[in-house]
2 protein chains.
Amino acid sequence: MTAGPRATTLIESPRLARHAGVELVLASETFQYTGSFKFRAAWRVATSVPNPRVLTASSGNFGQAMAYACQLSGKGCTVVMPHNSAGVKIDAVRAYGGIVDLIDTRTTSRAERIRQLAAADPAAYVASPYDDLQVIEGNSSLGDELAALPVDDVVAPVGGGGLTAGLVVGLRRAGSAAAIVGAEPLLGNDAAQSLRAGHIVVNDGEPQTLADGARTVSLGERNWAVLQGGLAGIVEVPEEALREAVRLLFSLANLKAEPTGALPLAALLCAPERFRGRRVCCVVSGGNVDPAVFRELIG
Amino acid sequence: MTAGPRATTLIESPRLARHAGVELVLASETFQYTGSFKFRAAWRVATSVPNPRVLTASSGNFGQAMAYACQLSGKGCTVVMPHNSAGVKIDAVRAYGGIVDLIDTRTTSRAERIRQLAAADPAAYVASPYDDLQVIEGNSSLGDELAALPVDDVVAPVGGGGLTAGLVVGLRRAGSAAAIVGAEPLLGNDAAQSLRAGHIVVNDGEPQTLADGARTVSLGERNWAVLQGGLAGIVEVPEEALREAVRLLFSLANLKAEPTGALPLAALLCAPERFRGRRVCCVVSGGNVDPAVFRELIG
């Protein structure tokens, strides 16, 4: 029985730091329970809401995290997933005790299926993977931890904005003045566009980036309220830099990162003038990646 | 500037633990400086001997570790390597500031080349990768760290015996009663044979196991003196279990382990009745593995 999320794993890699031209520390959430930072939010939700069961729609890390957090706290959990999700992801949710509810997204949307399930089980709590104050609060625990580091910049992936919003809340609460920089796939740069426009910009459909944790159509409203004034900027990362970052984390830091988790290092490679000589913490948000995808990335 | 070896990285993986049928903690040295536990011994040698330069023969992790430890402590380091060593290994020694001395092992043995270099530079210290009291002492720092864990067994790879000897010394000094179990490739099971015979048994040549860190012809004499009475036993690991262990560390624990580092988990898979229900710490000794080899292993 865990007493909550594991502390993040801090990794130094002199060769990677030299390659990136910065003083570097990696904050790896790949060894967090269920393999990504999502467990922080899921644990918070599971232990905060009074409901006996939790419903969520997630084909990725949040589903696994919510299932395991519920298992540990004695709650039921149902995860709605597309019927064509990767087998390893379905297996993972089941391994952590979750019920998998498969839908054909051509005929039923995730939101619609969640509404059906919620109507049939009014006592269940419907958890959003990112647009939820409990999610921000859960993720803020990583900010609390990183506030102790002597760094100028904390760079983290941006998808729905739950992680970066949590970092802003946690770092500021703990008195850190570190700049918080987002790293977003150029293919789905709605958050960068939102910062420029001063309001939430929505992608046309789910962006087909390799960073599957950032295939969100827009920032969450609760996250935007924190990020609009809290982010120092967003670096837009081309897919090729993302591949290179996964490869470098593997070869120079012995780290298995999922593509989304490699976004911050990729940002350093894309914008060297912005970071040169600074003390930078890159948040490696998760490590759950299909072996076939990973083989191709390091090949 | 580092003040010495990094603390080991403790990783829990509920799915891997369940798969292995034990209470499991991984002590990963894959994020140690230079990517393996060898930095512990190298740092000890570099900071203990008065000589301005160090000579060693190593085609693997000790060469990188010795080069970096010397760079950090202001010493010179020459590493003798076979001319057909993998390019990534030669590059790594150079990246850590070492001079690489390539030899054609068909015409010159490593020992002979070391003798030549030592004769030309009498002020240099000749460091053995494993059969050296400083090496045991350096590795004992890992035993000091693991003594704090509530475990019944500490399982670690056996090659020349430097790591397990260091664990025996460190764990016992710190008052731990944990059993120390070796994990050795069946293809080169000289250590297991030695325990049975009561004296050092020597392999016929270098065993062609995938666990390249355990391709030693025999235990070191100084290590044998510690291990003969200090080891609770040795599990002999077939190559197939080694492959499975690398794959499981990757898929269930998000860990990039080199084959030698996966020996302890492989031992758990091979001898389930020995470990069932016990609290086990597996030492993942290093993570430096060629991308092409790794791709094949996780395929």
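The values are calculated or read from the model by the stated rules, or taken from the named source; none is laboratory data. Note that the structure is predicted; figures quoted are calculated from it, not measured. We place every Cβ from the backbone using ideal geometry, glycine too, and count neighbours over all the protein chains shown. Heavy atoms of the whole protein, side chains included, go into the accessibility calculation; ligands, DNA and RNA do not. Shrake-Rupley method; radii C 1.70, N 1.55, O 1.52, S 1.80 Å.
If a residue has to be more than 15 Å from residue A:243 (Cβ to Cβ), more than 8 Å from chain B (Cβ to nearest Cβ), assigned to a loop (DSSP other than H, G, I, E, B) and within 19 Å of the chain's Cα centre (by Cα) to count, how many in region A:278-289 make the cut? Residues flagged as more than 15 Å from residue A:243 (Cβ to Cβ), more than 8 Å from chain B (Cβ to nearest Cβ), assigned to a loop (DSSP other than H, G, I, E, B) and within 19 Å of the chain's Cα centre (by Cα) within region A:278-289 amount to 1.
For residue A:144, the conditions (1) within 18 Å of the chain's Cα centre (by Cα); (2) buried (at least 19 other Cβ atoms within 10 Å of the Cβ) all hold with the exception of (2).
Pairs meeting the criteria (first residue in region A:1-21 and more than 30 Å from residue A:65 (Cα to Cα), second residue among the basic types (Lys, Arg), beta carbons under 6 Å, at least 6 apart or on different chains) are A:21/A:276.
Looking for something outside any helix (DSSP H, G or I), away from every other protein chain (no Cβ under 14 Å) and within 25 Å of residue A:85 (Cβ to Cβ) - is there at least one such residue anywhere in region A:264-276? No, region A:264-276 contains no residue that is outside any helix (DSSP H, G or I), away from every other protein chain (no Cβ under 14 Å) and within 25 Å of residue A:85 (Cβ to Cβ). The selection criterion, being at pLDDT 95 or above, surrounded by fewer than 24 Cβ atoms within 10 Å (Cβ to Cβ) and among the basic types (Lys, Arg), does not hold for residue A:40.
For region B:129-142, the condition holds for no residue, the condition being that it is of a type in the set (Ser, Thr, Tyr) and within 14 Å of another protein chain (Cβ to nearest Cβ). The single condition among (1) under 17 Å from the mean Cα position of the chain (by Cα); (2) open to solvent by 40 Å² or more (accessible area, probe 1.4 Å) that residue A:202 does not meet is (1). The set of residues from region A:54-76 being open to solvent by less than 30 Å² (accessible area, probe 1.4 Å) and among the hydroxyl-bearing types (Ser, Thr, Tyr) comprises A:56, A:58, A:68.
Which condition from (1) touching a residue at least 60 places away in the same chain (Cβ under 8 Å); (2) open to solvent by less than 30 Å² (accessible area, probe 1.4 Å) is the one that residue B:51 breaks? Condition (2) is where residue B:51 drops out. Quick check: anything in region A:111-133 in contact (Cβ under 8 Å) with a residue 24 or more places away in the chain, over 13 Å from residue A:55 (Cβ atoms) and either open to solvent by less than 10 Å² (accessible area, probe 1.4 Å) or assigned to a helix (DSSP H, G or I) (or both)? Yes, region A:111-133 has at least one match.
For (1) without any contact (Cβ under 8 Å) to a residue 60 or more places away in the chain; (2) open to solvent by less than 50 Å² (accessible area, probe 1.4 Å); (3) polar (S, T, N, Q), each residue gets a yes or a no:
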residue: B:197; (1), (2), (3): yes, no, no
residue: B:213; (1), (2), (3): no, yes, no
residue: B:237; (1), (2), (3): yes, yes, no
residue: B:244; (1), (2), (3): yes, no, no
residue: B:249; (1), (2), (3): no, yes, no
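When A:167, A:231, A:219 are screened for being crowded, with 24+ Cβ neighbours inside 10 Å, under 21 Å from residue A:137 (Cβ atoms) and in contact with a strand residue (DSSP E or B) (Cβ under 6 Å, 6 or more places away or on another chain), only A:167 passes.
Criterion applied to B:79, B:93, B:88, B:100 was being within 14 Å of chain A (Cβ to nearest Cβ) and either farther than 23 Å from residue B:291 by Cα or open to solvent by less than 40 Å² (accessible area, probe 1.4 Å) (or both), and the one residue passing it is B:93.
Among the numbered conditions (1) surrounded by fewer than 17 Cβ atoms within 10 Å (Cβ to Cβ); (2) more than 14 Å from every other protein chain (Cβ to nearest Cβ), the only one that residue B:209 does not meet is (1). Among the conditions (1) open to solvent by 20 Å² or more (accessible area, probe 1.4 Å); (2) at positive phi; (3) not hydroxyl-bearing (Ser, Thr, Tyr), residue A:288 misses just one, which is (2). Entry remark, region B:15-29: residues being acidic (Asp, Glu) and open to solvent by 10 Å² or more (accessible area, probe 1.4 Å) number 1 in total.
Screening residue A:254 against (1) surrounded by fewer than 20 Cβ atoms within 10 Å (Cβ to Cβ); (2) within 14 Å of another protein chain (Cβ to nearest Cβ) leaves a single unmet condition, (1).
Taking (1) within 14 Å of chain A (Cβ to nearest Cβ); (2) open to solvent by 30 Å² or more (accessible area, probe 1.4 Å); (3) modelled with pLDDT under 95 in turn, residue B:107 satisfies each apart from (1). Just one residue in the set A:260, A:216 is out of contact with any Leu (no Cβ under 8 Å at 6 or more places or on another chain) and within 14 Å of another protein chain (Cβ to nearest Cβ); that residue is A:260.
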